[in-house]
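Derivation of every value follows stated rules applied to the coordinates shown; laboratory data play no part. Everything quoted here is computed from the prediction, not taken from an experiment. Here the Cβ is made from the backbone with ideal geometry for all residues, glycine too, and neighbour counts use every protein chain on show.
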Amino acid sequence: MELKQVHKYIDRYLEGETSLEEKDVLEAYFSQPNIDETLLHYKPYFTAIAQQRKQRFTGSFNPVKSTKIISLKRFTAVAAASIVGVFVWQQTFVPQQPSPEEIAFEAFKTNMYLVAEQLNKGKQGVAYIDTFNETTNKYLKTE
């Protein structure tokens, strides 16, 4: 085989564009004893691939049906669905008792609204007195 052709096949092989026949040609080339020195570093790779292809499984393979795994999957799915269902039911149908902190905060908020109302009334009274003083000062000129 020509050296240019081998280089072309190797380039295509490294790009992942070779056909099965071209791969077989490369393996056959690298299984020869006389290889060009520029391609010598590829020889261990291609000989390892050829050896791996020759290996065959000689043992027996008996797949075991595992009913434990199937029943365990079903059990976990049912358990997860039950937990989600209980959580949703609790959040929607069971009334929640407010905590003491929430009760105290609501009482504080109510008291603050009452204080704000009283302050607003006092502010209105002060504004009325200011208006009264201005009007009085207009008509009663104090010198």
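The table below lists the values:
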| read-out | value |
| --- | --- |
| GluC sites (Glu not before Pro) within region 1-104: DSSP coil, no more than 10 neighbouring Cβ in 10 Å | E2, E17 |
| Rounded if a/c under 1.5, otherwise prolate or oblate - the chain, Cα gyration tensor axes | oblate |
| Radius ratio Rg over Rh of region 98-143, counting only Cα atoms, Kirkwood formula for Rh | 1.47 |
| Two-site label geometry, A48 and E17: point separation in nm, points 7 Å out along Cα→Cβ | 2.6 nm |
| Ellipsoid semi-axes in whole angstrom, largest first, where each is sqrt(5λ) of the Cα gyration tensor of region 3-54 | 15, 15, 9 |
| Length-normalised contact order of the chain in % [C-alpha pairs under 8 Å, at least 6 apart] | 11 percent |
| FRET efficiency estimate (nearest 0.05) - Cβ-Cβ, L140 to N120, R0 35 angstrom | 0.70 |
| Mean Kyte hydropathy of -0.5 or more with a Cα span along the axis of at least 24 Å, helices from DSSP in the chain | 67-93 |
| Within region 8-79, chymotrypsin sites (Phe, Trp or Tyr not before Pro) in DSSP loop having at most 13 other beta-carbon neighbours inside 10 Å | F57, F61 |
| Within the chain, longest stretch free of exposed trypsin sites (Lys or Arg not before Pro) [DSSP loop, at most 14 other beta carbons within 10 Å] | 66-140 |
